[in-house]
Each structure stands twice: as C-alpha cells, then as structure tokens.
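Peer 1: Just dropping this structure here.
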Amino acid sequence: MTMRSPWLVALIAAVTILPVGCRQVSGTDRRQLNAYELDDEIHLGDAAFEEILRSADLVRSGLDFERVRRVAKRIAAAARRLHPEVAGRFDWEVVLIEDDEVANAWALPGGKMAVYTGILPYTRNDDGLAAVLGHEAAHAIARHGGENMTRQRLAGLVAIGAALASDPGDRELVSGAATAYGLLGEPAFSRAQESEADELGLFLAADAGYDPREAVSLWQRMAERGGEPLEFLSTHPNSETRVRRLEALMPL
C-alpha cells in the first residue's frame, strides 16, 4: 500500500477538519464554511475601515450626506430587528466618499459602510439608496467576509498540495478535497453570495420602511449604463436573472 506524504496527510486533515466551522447564514437556510469567530471578523472590519478612512475624501455635509446617514440609520435598525444575533453586535457606521468615478458601495464585517458619490445618480432617491445599503449590509450580516477568508485559506492549502503532489493519486485527493468544499468555480460562488445579499437586502429595505420594488428599477438603471460593468455589479448574476428573482420576492 502506498504511504501518503506527511504534508499530504496534514493537508487533507486540515481541509477535512474545517467543516466544524460550518455555520447557518442568518435569514436563509444555507450552511456556510466559516472558520472565523464573529468577534474576529468585526475586529478585521474595523481595522480595514480605519485604514480606508485615512486616504478617503469624505463628504461631511449637504443633502447627499444627510440622505446617506438617514437611510443607513434605518437599515441598521432593521438589521438589528431581523438579525439580532449578528447585527445586534455591530457598531454600525456609514460614510459618504467623494468620488464621482466610482459607482460603488460596501459594508465591512462589523457594520462599517461606505457609499461613493458615483453611485448616487443610479439610486436617485431614498428607496434606491435603501436597496443598495440593504444589499451591502446583508453581506456583513451573512458573514460573507469570514466565509471568503476561509475559502482563501483553504484554497491556498490546496494550491500548495497540488504543486507538491507528484503522485496522480495524491493530486486526485487534493482535487477531490477542493471540489467537496466548493473551492473551485469562484465566479459561481460569488454570484451565489450576491444573490443571497440581494434577497436579504430586499427584506432589510422593506423592514426599514422603504419600497422594495425600487430595487428592480435600480438594478435596471445600473445595468443599462453600458461599457464595462460597474464594480458594484461585477460578480452579480446577470441583470435579467436578478430582476426575475427580485420580482418573485416582491409583496403582492
């Protein structure tokens, strides 16, 4: 019987043991592989936020500033109501960054959010902005950051294993481990997360008192921009698929 290399045994053990980090995504039935504790995610998110703010050109007054703060406050309150076990531990904060060339928004683990002025022509109103902020807040609530970092760690182990494996059977084991834990097919995985954030974000916006139907109009406006896809949409499902899914979730 062929003896496995010690490094291969350690690799397979690491990939096999990590499922103890499987967690339930708040608000969905999906199980995710996330080896990070929520406090660790929050710490990393806060540190990243502070680093970003050092070089960001912040908008600190004006109608756009007030709109972003008003909508974000209501989205955060809805998040605490719908997902208290996660969002209730976040110290929510939002900033508006002056950059008309960037049509984007984001939320970090821990509830730190940013909106770039370049996305405001697409949101147009409070309901559209709520769709964006609800979507981004949903990423943090669903703990996609910790999930992605876990996948990156495992993918790194798999890449090392594949590079060092000389025996075909060893390479097959490494490939099988990668497939079993979804480390292959990154674009499809990213789109699945984006669809999950679309869904959770829709309910956040509705609970915050905004019209969820505006989400459909927002995505249509953004998809019609032309040229290269917006950064905000780069890993999303195609616009037609998104619109169909969102319309199916709308209240009658």
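The values are calculated or read from the model by the stated rules, or taken from the named source; none is laboratory data. Please read all numbers here as calculations on a predicted model, not as lab measurements. Quick reminder, even Gly has a Cβ in these numbers, built from the backbone with ideal geometry, and neighbours come from all protein chains shown. The area values use the complete protein model at the heavy-atom level, side chains included, leaving out ligands, DNA and RNA. Shrake-Rupley method; radii C 1.70, N 1.55, O 1.52, S 1.80 Å.
Peer 1: Which value, in debye to the nearest 20, gives the size of the charge dipole of region 33-107 about its Cα centre, when Lys and Arg are +1 and Asp and Glu are -1 at the Cβ?
Peer 2: 640 debye
Peer 1: Quick one: accessible surface of residue 83, probe radius 1.4 Å, all protein chains present, in square angstrom to the nearest 10.
Peer 2: Accessible area, nearest 10 Å²: 10 Å².
Peer 1: Give me the mean projected area, in nm² to one decimal, of the convex hull enclosing the Cα positions of region 76-158.
Peer 2: 6.5 nm²
Peer 1: Accessible area of residue 117, 1.4 Å probe, to the nearest 10 Å²?
Peer 2: Solvent-accessible area, nearest 10 Å²: 20 Å².
Peer 1: Going by accessible area, probe 1.4 Å, with all protein chains left in place, what is the ranking of 127, 100, largest first?
Peer 2: These residues rank, largest area first, as 100, 127.
Peer 1: On a 1.4 Å probe surface of the protein chains, which of 81, 221, 70 comes out largest in accessible area, and what is the full order?
Peer 2: Details: 81 135, 221 40, 70 100 Å².
Result of the area sort, largest leading: 81, 70, 221.
Peer 1: Say the dipole of region 80-148 comes from +1 at the beta carbon of Lys and Arg and -1 at that of Asp and Glu; which of 135, 84, 95 then lies farthest toward its positive end?
Peer 2: Value: 84.
Peer 1: Ranked from the most accessible area to the least, with a 1.4 Å probe and all protein chains present, what is the order of 241, 123?
Peer 2: The residues order as 241, 123, largest area first.
Peer 1: First measure r as the distance between the Cβ atoms of residue 48 and residue 250, then evaluate 1/(1 + (r/R0)^6) with R0 = 35 Å and state the FRET efficiency to the nearest 0.05.
Peer 2: On the way: r = 34 Å, r/R0 = 0.97.
Efficiency, rounded to the nearest 0.05: 0.55.
Peer 1: Test of understanding: what is the full-extension gain from residue 39 to residue 80, defined as 0.36 nm times their sequence separation minus their Cα-Cα distance? Could you put the intermediate results ahead of the total?
Peer 2: Working: separation 41, 0.36 × 41 = 14.76 nm, distance 1.66 nm.
Between residue 39 and residue 80, full extension yields an extra 13.1 nm.
Peer 1: Another one. How much solvent-accessible surface does residue 98 expose, in Å² to the nearest 10, with a 1.4 Å probe and all protein chains in place?
Peer 2: 80 Å²
Peer 1: How far apart, in nm, are the 7 Å Cα→Cβ label points at residue 153 and residue 225?
Peer 2: 3.4 nm
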